[in-house]
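Just below is one structure, and these are the notes that go with it.
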């Protein structure tokens, strides 16, 4: 989580959805931030529900009521998000290595909710939710750096450069038709978000929206 107090109409809080360039964003925005939470992972990657229940009241007590800032996050194409986890955990230093696991196998473990497999817990749509609906104000497509880099630069009031790191050298994953279709069905709420991002790379006024097949 990164909070930037920039002046009336410009303040924002960035929630760091895992595998959506959060480290890159944190590194670039940190010099301008009022508060940066970079560890432990559970606090760095605080979801919207956690923010609403644990941080929003504190900010209000400090003079930042909820309507005074935008709650922002990034989003990735759902299957690409899952593949990013597989690629990341294929690194030699990964404690939960997928080096000997194909993306097909990884995806099937994820669909099965296999707690013993090195799969991510949770899902992107749930990260956005609190109190039964989307709780963030603005969502950016991580695949559209032209859009989000311009928005962050405008808010900061200076041109920003975002250097991408933490990329994996693993080969691209392959999926069978059946598994890809099963993932598409599983990710129905995520694809509802994704459709809203495709045209412009961002979704503003997202808060309060109930998604298709609402994630629980």
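Given the residues 125, 80, which is the only one that is crowded, with 22+ Cβ neighbours inside 10 Å and either assigned to a helix (DSSP H, G or I) or within 17 Å of the chain's Cα centre (by Cα) (or both)?
125
Suppose we filter 66, 49 for residues that are touching a strand residue (DSSP E or B) at 6+ places or on another chain (Cβ under 6 Å), surrounded by fewer than 18 Cβ atoms within 10 Å (Cβ to Cβ) and modelled with pLDDT of 95 or more; which single one remains?
The unique qualifying residue is 49.
Kindly evaluate residue 24 against the criterion of being buried (at least 17 other Cβ atoms within 10 Å of the Cβ), touching a residue at least 40 places away in the same chain (Cβ under 8 Å) and in a helix (DSSP H, G or I).
Judged against the criteria, residue 24 is a match.
What number of residues within the stretch 103-122 are without any contact (Cβ under 8 Å) to a residue 24 or more places away in the chain, part of a helix (DSSP H, G or I) and within 15 Å of residue 186 (Cβ to Cβ)?
2
Only one of these conditions is not met by residue 100: (1) assigned to a strand (DSSP E or B); (2) over 25 Å from residue 209 (Cα atoms). Which number is it?
Evaluating residue 100 over (1) assigned to a strand (DSSP E or B); (2) over 25 Å from residue 209 (Cα atoms) leaves (1) as the failure.
Quick one: how many residues across the stretch 29-46 are in contact (Cβ under 8 Å) with a residue 40 or more places away in the chain and surrounded by fewer than 18 Cβ atoms within 10 Å (Cβ to Cβ)?
2
Does the stretch 128-142 hold any residues that are at pLDDT 95 or above and assigned to a loop (DSSP other than H, G, I, E, B), and which are they?
135, 136, 137, 142
When the residues of the stretch 48-77 are narrowed to those that are in a helix (DSSP H, G or I) and in contact with a helix residue (DSSP H, G or I) (Cβ under 7 Å, 6 or more places away or on another chain), which ends up farthest from residue 195 (Cα to Cα)?
Per the criteria, the residue is 60.
When residue 120 is evaluated against the numbered criteria (1) at pLDDT 95 or above; (2) within 16 Å of the chain's Cα centre (by Cα), which criterion, by number, is the only one it fails?
The number of the failed condition is (1).
Take the conditions more than 16 Å from the chain's Cα centre (by Cα), surrounded by fewer than 20 Cβ atoms within 10 Å (Cβ to Cβ) and at pLDDT below 95 and apply them to residue 150. Does it pass?
When the stated conditions are applied, residue 150 does not pass them.
The values are calculated or read from the model by the stated rules, or taken from the named source; none is laboratory data. Being a predicted model, the structure only gives us computed values, none of them experimental. Backbone-built Cβ (ideal geometry, glycine too); neighbour counts: all protein chains shown.
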